[in-house]
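Accompanying notes for the structure given below.
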Amino acid sequence: RSYCHLAELTSAGQMDSAMPYRMQHHTLNIADPEALPLVEGMLLEFMPLFTSRLFNICADETFDLGRGRGREAMAAVGEGTYYIDFVSKLCDIVAKQGRTPMFWGDIVVKHPDALARLPEGTICLNWGYSPDETPDATRTLAQAGAVQYVCPGVSGWNRFMNRIPDSYRNIARMAAYGREYGAIGLLNTDWGDFGHLNDPRFSLPGMIVGAQCSWSAEELPFDTLCQDISRLAYLDASEKVVGWLAQLQDCDVYSWWHLVMHREYVLGRADIDHSDALLHLDLSGVEAANQRVDEVAQGLAACIPHMDTSCREMLHCWLIACEGIKVWNLTGRAVREQQYDSALAQRLERWLRQYEQLWRQVSRESELWRIRDMVRWYAARLRGA
């Protein structure tokens, strides 16, 4: 059944489901009297499926709220009131079922006074994923009396390998802000933007950092944590393997985001013109970055004799990620500079076959087809098609 008549934007049903936009522009028109019964039915259907007494209604990234069919309704009361009135009704539904409602706080932090309308005990999930995250949102929510979790992330989305140094800085900062401003918990997050390119196994170091930072007030140095995780999670007596993985952070010169957005721009499907970010991307460091990836791969291989046999299979996974970084760096540069290279196209397709095997070790088919489409499109460009 289609619910396009309940979308905020009248054009929502005709929008392309391409990777960057498939979850955008589908905001519910909460001014429609059918909206609340629809969501209530969904909540009552989903809650019995979980044993947890916590239930997250999400309610975040409402990009188009009040920008279409609900424009007049929102203008009459203001964005904060318009948003929180609906969220509070959803929270009431959850609370009446004996659950504690949770919701993402990226919208309400702009309207902290509206928090008073929520049922007592409602948990605001205060997310922030930058390594340089400031305490502003945490402080604002605390001053407004919110019950909150701080929510950092493992910095893996849109990456072949997680940005381990960035995730450490982000998680440590958010945990510190949570302690300072009385947060009752920390929710460490992992996401799968743009087709979920990132292998979920690569998020393990970031998850362990989250566990350490949330359970201990002592902030361990990054190098110490890398050594500890190497020894305890990967049974690496050399204590070096996570340190090597961390050095891949800035090696994806032409990132997955750039690759996706370049394709969208060429196909004319981008609703925001990202051409400046693409055209001014400095690709002069591709060779140096790929050389660094080779050094990391050699370092990882050198750790294998020091690892327990039960963990050595991860080397194969890491090396495929390394090859992914290198081949896509070269592909992005070649396509951006309109160079044809059939050998590189073949190399890209070989990488895909290896990547598909890794994907199927931990995941169902899901959105693998999106990544496959990306490879086919770029391989055709490399061949001049």
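Results, tabulated for the structure shown:
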item: Leading residue at positive end of dipole, the chain (Cβ point charges), from His306, Trp127, Cys213; result: His306
item: Helical mean residue ellipticity (222 nm; -39500 (n - 2.57) per DSSP H run of 4+; nearest 500) of the chain; result: -15500 deg cm²/dmol
item: Net +/- balance of residues flanking Tyr177 in space, Cβ distance below 14 Å, scoring K and R +1, D and E -1; result: -1
item: Local net charge near Trp104, Cβ-Cβ under 11 Å (Lys/Arg +1, Asp/Glu -1); result: -3
item: For region 1-75 and region 188-222, distance of Cα centres in Å; result: 29
item: Of all accessible heavy-atom area on region 1-85, the percent that carbon and sulfur account for (1.4 Å); result: 56
item: Rotationally averaged projected area of the chain (alpha carbon convex hull; nm²); result: 20.7
item: Surface per residue (accessible, 1.4 Å probe) for the chain, Å²; result: 48
item: Region 1-40, Cα convex hull volume normalised per residue, Å³; result: 76
item: Of all accessible heavy-atom area on region 226-385, the percent that carbon and sulfur account for (1.4 Å); result: 48
item: 9 Å beta-carbon shell around Ser230, net charge (K/R +1, D/E -1); result: -1
item: Sequence-distant residues sharing a close amide H with Trp157 (under 5 Å, placed H); result: Trp191
item: Axial C-alpha extent at least 20 Å, average Kyte-Doolittle at least 0.5 - helices from the chain (DSSP); result: 314-336
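The values are calculated or read from the model by the stated rules, or taken from the named source; none is laboratory data. Computed from a prediction, not measured in an experiment: that's the story for all the values here. All Cβ positions, glycine included, derive from the backbone under ideal geometry; neighbour counts span all protein chains shown. With ligands, DNA and RNA removed, areas are computed over all heavy atoms of the protein, side chains included. Shrake-Rupley method; radii C 1.70, N 1.55, O 1.52, S 1.80 Å.
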